[in-house]
Structure formats: structure tokens, C-alpha cells
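Report on the structure given below.
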Amino acid sequence: MEIGLPHLLFVSTALFFIGAYGFLTRRNMITMLMAVELMLNAVNINFVAFNKYLWGGKLDGVFFTIFIIAIAAAETAVAIAIIIHIYRDHSNIDVEDADSLKF
Amino acid sequence: MEFKDIIFYLIASLILVSGLLAVTSRQIFRSAIYLLFSMMGVAALYFWLQFEFIAAVQIVVYVGGIVVLIIFSIFLTHRVGSDLPEPTYKRSLFAGLASLFAFLLFWSVIKRNEFYGDQPIGELSVHRIGEEMLNYNQGGFVLPFEVVSILLLAAMIGCIVIAMKTNPVKN
């Protein structure tokens, strides 16, 4: 069987739910951030694969991928700044312990 | 099986196995290294699809930027060598079941769907990407390009403000 779009969609779907599993099980903020990065990568694979196999004349999927990568970089930088700030206050970065905004 | 197919299966197994190890490893530093391998696998997949520019951007931004940033923040916040706590049995069981069933649902939908429409991929040169990026006619991408530049500036200033060491206030 020739490698086609379904194979790529299998990879991206599996990677997305691996990331979802990590996001649900981990309780450390940095590892949760890593799980989110895996999910964003899965979405990027989807965009590129659809652009390649179904929308060959245009480049819309490629541009969405580029913008997602830029936004993911900004998101990671802000998230790590927040994590370091929380670490200074609480001296650990477990999500269960960061509850000082709880009413 | 052709050579190209074998390469695809190798890349796919690299992505999935190292992704799975990245979310299950008990040592956070190893987890970051597995994440790095997974990102490299995704870049290799873009090379396999002959999207060289996206692959280069993936390597520069993810492998060279984000993973290095994550590793630095691990060094700032963790004692190297200490293990992460094991997730509770109940939580990992239910998270695993939820992910598995969601995956099977999505996969059954993809399996049943008929994909059609294979226009040949046009020439994908960096030249064309640059022209589309600054094209202000219908279907051009100059507005999102400018918005992303503002976003990156805002994120940069925001990071500096958030992570800046404040003077200890007496209270």
C-alpha cells in the first residue's frame, strides 16, 4: 500500500493523543508544557499533509504552519517566564501547589 | 516496499516512540531529550514531504529554540537526578483510556472518509513563500505577518516584565 494522506494522519493523530495523555497525567508545569508542544506539532503535521495532498496549488497550509510555529514560540517563552516566576514564589512548580489565586 | 516507504515508517516510529517516552519518562531531563528527538523526527517528516523550508524552520525554532529554553528552565527549577513523582494509578488509567478511545474515534472517522483532489504541488521555493508573505492582494498573508510581529514583540516585553526580579517589598 502506497504511503498517502491516511498514513500521515495516523501519525499526527497518534502524536496529538500522546500529547493529550501527557497533559492529563503530568502534574509538573514544564512537562505539561512539553505535552502541549507535542500537540502543536501534531497539528502542524496535519496542515502540511493536507497542503501537500489535497491543496497542491496553494500554500495556505504552509503559512498556517509557519504562523503556528511563531505563536508556539511566543507561548513557550511566556509560559516559561511565568513558571520561573512561580518557582521564585513557591519554590516548586507543581500545578497542585499553585493555588494562591483560589478564592 | 520501496525505499521511500521504509524511510517513512522509520521516521513515524521515531516520532511516536520518542513522543511516548517524552510524556512517560520519570526523569524530567530525559523527557526533554526525548522531546528533542520527537521534534527532529517531525522535521525529518517535513523533509520527507519535500517541504524543506518548513523543516528548516522547525529545526531552528523548535530544536534550537524551544527545547533549549525548556532545558534551561529545567536547570533553573529542578535538582538534577531527582525523579518526578509517579502519577496515581487512577489518573493514568483514565487518561490513557480517554486518549485511546479518542484516538480510535478519530481514526475510525479518518478511515471511513474518502480523500480526493490531488492537484500537483506547485513549486515551493523560498522565493514564492516570501512573495506570498508580503502579498497584500486577495489571499495574501501580509496582515497575519504584521500581527505576528507585533505578537512577538509583546511576548518579548511580557517575558522580561514577568520574569524580572522585583525588589523585595516590605509587607
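The values are calculated or read from the model by the stated rules, or taken from the named source; none is laboratory data. This structure is a prediction, so every number in the text was calculated from the model and none was measured. Because the Cβ atoms are built from the backbone with ideal geometry, glycine has one as well, and the counts that use them run over all protein chains shown.
Annotations
- Odd one out for A:ILE86, checked against (1) aliphatic (A, V, I, L, M); (2) more than 7 Å from chain B (Cβ to nearest Cβ); (3) within 25 Å of B:PHE47 (Cβ to Cβ): (3)
For (1) in a helix (DSSP H, G or I); (2) in contact with a Phe, Trp or Tyr (Cβ under 8 Å, 6 or more places away or on another chain); (3) not assigned by TED's automatic domain parsing to the domain that holds B:ALA163, each residue gets a yes or a no:
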{"position": "B:SER13", "(1), (2), (3)": "yes, no, yes"}
{"position": "B:LEU21", "(1), (2), (3)": "yes, yes, yes"}
{"position": "B:ARG26", "(1), (2), (3)": "no, no, yes"}
{"position": "B:PHE37", "(1), (2), (3)": "yes, no, yes"}
{"position": "B:VAL57", "(1), (2), (3)": "yes, no, yes"}
{"position": "B:GLY64", "(1), (2), (3)": "yes, no, yes"}
{"position": "B:VAL67", "(1), (2), (3)": "yes, no, yes"}
{"position": "B:PHE75", "(1), (2), (3)": "yes, no, yes"}
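- All positions within the stretch A:8-60 that are part of a helix (DSSP H, G or I), surrounded by fewer than 17 Cβ atoms within 10 Å (Cβ to Cβ) and at the interface with chain B (Cβ under 7 Å from one of its Cβ atoms): A:LEU54
- Positions within the stretch A:86-103 being surrounded by fewer than 17 Cβ atoms within 10 Å (Cβ to Cβ) and either touching a residue at least 24 places away in the same chain (Cβ under 8 Å) or under 22 Å from the mean Cα position of the chain (by Cα) (or both), in sequence order: A:ASP94, A:VAL95, A:GLU96
- A residue that is within 8 Å of chain A (Cβ to nearest Cβ) and over 15 Å from the mean Cα position of the chain (by Cα) occurs nowhere in the stretch B:36-47.
- Exclusive hit being in contact with a strand residue (DSSP E or B) (Cβ under 8 Å, 6 or more places away or on another chain), of a type in the set (Val, Ile, Thr) and crowded, with 16+ Cβ neighbours inside 10 Å, set B:ILE15, B:ILE28: B:ILE28
- Here is the figure for the stretch A:61-85: residues that are surrounded by 19 or more Cβ atoms within 10 Å (Cβ to Cβ) and either more than 27 Å from B:MET164 (Cβ to Cβ) or of a type outside the set (A, V, I, L, M, F, W, C) (or both) total 7.
- Every test in (1) under 22 Å from B:SER18 (Cβ atoms); (2) at the interface with chain B (Cβ under 7 Å from one of its Cβ atoms); (3) without any contact (Cβ under 8 Å) to a residue 24 or more places away in the chain is passed by A:PHE67 save one, and that test is (1).
- Test: B:ARG112 is more than 25 Å from the chain's Cα centre (by Cα), exposed (fewer than 15 other Cβ atoms within 10 Å of the Cβ), in the same structural domain as B:LEU49 (by TED's automatic domain parsing) and without any contact (Cβ under 8 Å) to a residue 12 or more places away in the chain: no
- Residue that is surrounded by the fewest Cβ atoms within 10 Å (Cβ to Cβ) [pool: residues in the stretch B:48-100 that are more than 30 Å from B:VAL126 (Cα to Cα), touching a residue at least 24 places away in the same chain (Cβ under 8 Å) and under 21 Å from the mean Cα position of the chain (by Cα)]: B:ILE71
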